[in-house]
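What follows is a single structure, written as structure tokens, with notes after it.
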């Protein structure tokens, strides 16, 4: 994308989000949708009996849907201080004749602004759903591949019971599967605002149809069908309820939460040199320290997640502060927040999708960390084996306690490796199990049902996603990290 050095460039557009998502919220798409709404409104009104709207009017509107003269719109808006009126007049001028007399008939500004917002939100959700499905598929394949590889588990970032690399990845995956279900639910429940009039009473349309309420209802049905919606919002003031925006941004916030959890975990794993994000052959990690392999993508995910989570807080505040049938303090806020939230979510999923297929796992490093801690975790197993060989449980327990405490002290004070097994080897009380440490301390014996859990989750929850979105998974995603 070319850079105009004299103007501020929103990084979401210039550096992070995809061209596909930018297109959804582009002026061409937004204002082109306004014109299509005016066209379908006029078409439905004619079909329902308003014969002064002619086929010629409809034909002229159809011909001029996409030739928007934005310079002319700007000129009119500078005079009228009203964006919708500027577009109505510019559309009327493009159509010529007396078409202006039938554009926007019975409507208020929110007929185009709110209906368009719902349409764009639906289109943007479709983009995110496709991208999320691909990430879910990729991450599941990673989880299954490493379902049996033991790794040190952590609670409070302190060594805990052993899990597997695949099980940890399945926790990330479960978050994304939940996000996908939520986006699907939001997408399915979206309804067009419809033709509701200035305060939601449909009085202007009732007047147009000489008090025929059935025709007003049918008008809404025709509009919904024209834009592939199953329904319109049952009740509105001038705007559709802003709680809709709060719910949608809540779904996007869920993606941010999941992405942040994954990216922070990955940054910690990179610090431990266990798993790293992909790193290009010519990629520079630091301008000063040439050896560094900074987790750039994961760090960017953390940053964008934080931004998206803060954006999501705007929507409930807006919903909570609307006065009666409407107030205009929502407009500037929503104009910024809704597109930015989708652009940020889009960028997060692009990053996620670029990381997972190229994740680099270092099994030997993982094993070394297990080796450093496993003797402590295995003390119960060691105790049971020694007791089974004829030892006294209470005596052996005390000896293990003393040896373990001393080994831990030496590790922390002197920086030496864990020598608990060497200490036990030198204690005659453990002579019966000496030399059997490899059998007793096999990490795979400490992973519980983690491998099975990975496969069970994949089969029950991810395979249905693959079947549902087979066509999406057959197509490639050409969006990539821009910088």
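Rule-based calculations on the coordinates, nothing more; no lab input. Please read all numbers here as calculations on a predicted model, not as lab measurements. When we count neighbours, we look across all protein chains shown, and the Cβ atoms used for this are built from the backbone with ideal geometry, even at glycine.
Principal axis lengths of the chain from Cα atoms, whole Å, largest first?
Cα extents, longest axis first: 105, 52, 43 Å.
For region 23-101, report the % of Cα-Cα distances exceeding 15 Å.
Values: 1709 of 3081 pairs.
Roughly 55 percent, once rounded to a whole number.
Using only alpha carbon positions, build the gyration tensor of region 17-167, then give the equivalent ellipsoid semi-axes as the square roots of 5 times its eigenvalues, largest first, whole angstrom. Could the numbers behind the result be given before it?
Working: eigenvalues 551, 57, 33 Å².
Values for region 17-167, descending: 52, 17, 13 Å.
So how do 226-239, 411-424 stack up, highest first, on mean other-Cβ count within 10 Å?
So the order, starting with the most tightly packed, is 226-239, 411-424.
Given 4 °C and 1.567 mPa s, how large is the Stokes-Einstein diffusion coefficient of region 379-440 in µm²/s, with Rh as the Kirkwood radius over Cα pairs? Intermediate results must be reported in sequence, preceding the final value.
On the way: Rh = 11.9 Å.
The calculation lands on 109 µm²/s.
Compute the acute angle (0 to 90°) between the alpha-carbon long axis of helix 70-80 and the principal axis of greatest extent of the alpha-carbon atoms of the chain; round to the nearest 10°.
70
Can you tell me the order of 353-360, 135-142 when each peptide is scored by its average per-residue count of other Cβ atoms within 10 angstrom, highest first?
The packing order, highest mean first, is 135-142, 353-360.
I'd like the distance between the alpha-carbon centres of region 239-264 and region 122-190, rounded to an integer number of Å.
Region 239-264 and region 122-190 have Cα centres spaced 16 Å from each other.
Reported to two decimal places, what Rg/Rh ratio describes region 3-66 when computed on Cα atoms with Rh from the Kirkwood expression? Mind showing how you got there, number by number?
Values: Rg = 18.0 Å, Rh = 14.3 Å.
Dividing the radius of gyration by the Kirkwood radius yields 1.25.
Quote the relative contact order of the chain in percent (integer), defining contacts as alpha-carbon pairs under 8 Å separated by 6+ residues. Before the final figure, lay out the partial values.
Values: 593 pairs, mean separation 96.2, N = 483.
Once normalised by length, the contact order is 20 percent.
For the Cα atoms of the chain, what angle does the longest principal axis make with the long axis of helix 363-377, in degrees from 0 to 90, nearest 10?
Approximately 60 degrees, to the nearest 10.
Compute the acute angle (0 to 90°) between the alpha-carbon long axis of helix 243-271 and the principal axis of greatest extent of the alpha-carbon atoms of the chain; round to the nearest 10°.
Value to nearest ten degrees: 30.
May I ask you to order 42-54, 339-351 by the average number of other C-beta atoms within 10 Å around their residues, highest value first?
On the way: 42-54: 16.7, 339-351: 26.5.
Descending mean neighbour count gives 339-351, 42-54.
Would you work out the relative contact order for region 23-101, in percent, from Cα pairs under 8 angstrom that are 6 or more residues apart? Each step should come with its number before you reach the end.
Numbers: 57 pairs, mean separation 21.3, N = 79.
Taking the mean separation of contacting Cα pairs over the length of region 23-101, I get 27 percent.
Would you calculate, for the chain, the mean residue ellipticity at 222 nm contributed by helices, counting each DSSP H stretch of 4 or more residues as -39,500 (n - 2.57) and dividing by all residues, to the nearest 500? Numbers along the way, then the final one.
On the way: 21 runs with 296 residues, N = 483.
Counting only the DSSP helices, I get -20000 deg cm²/dmol.
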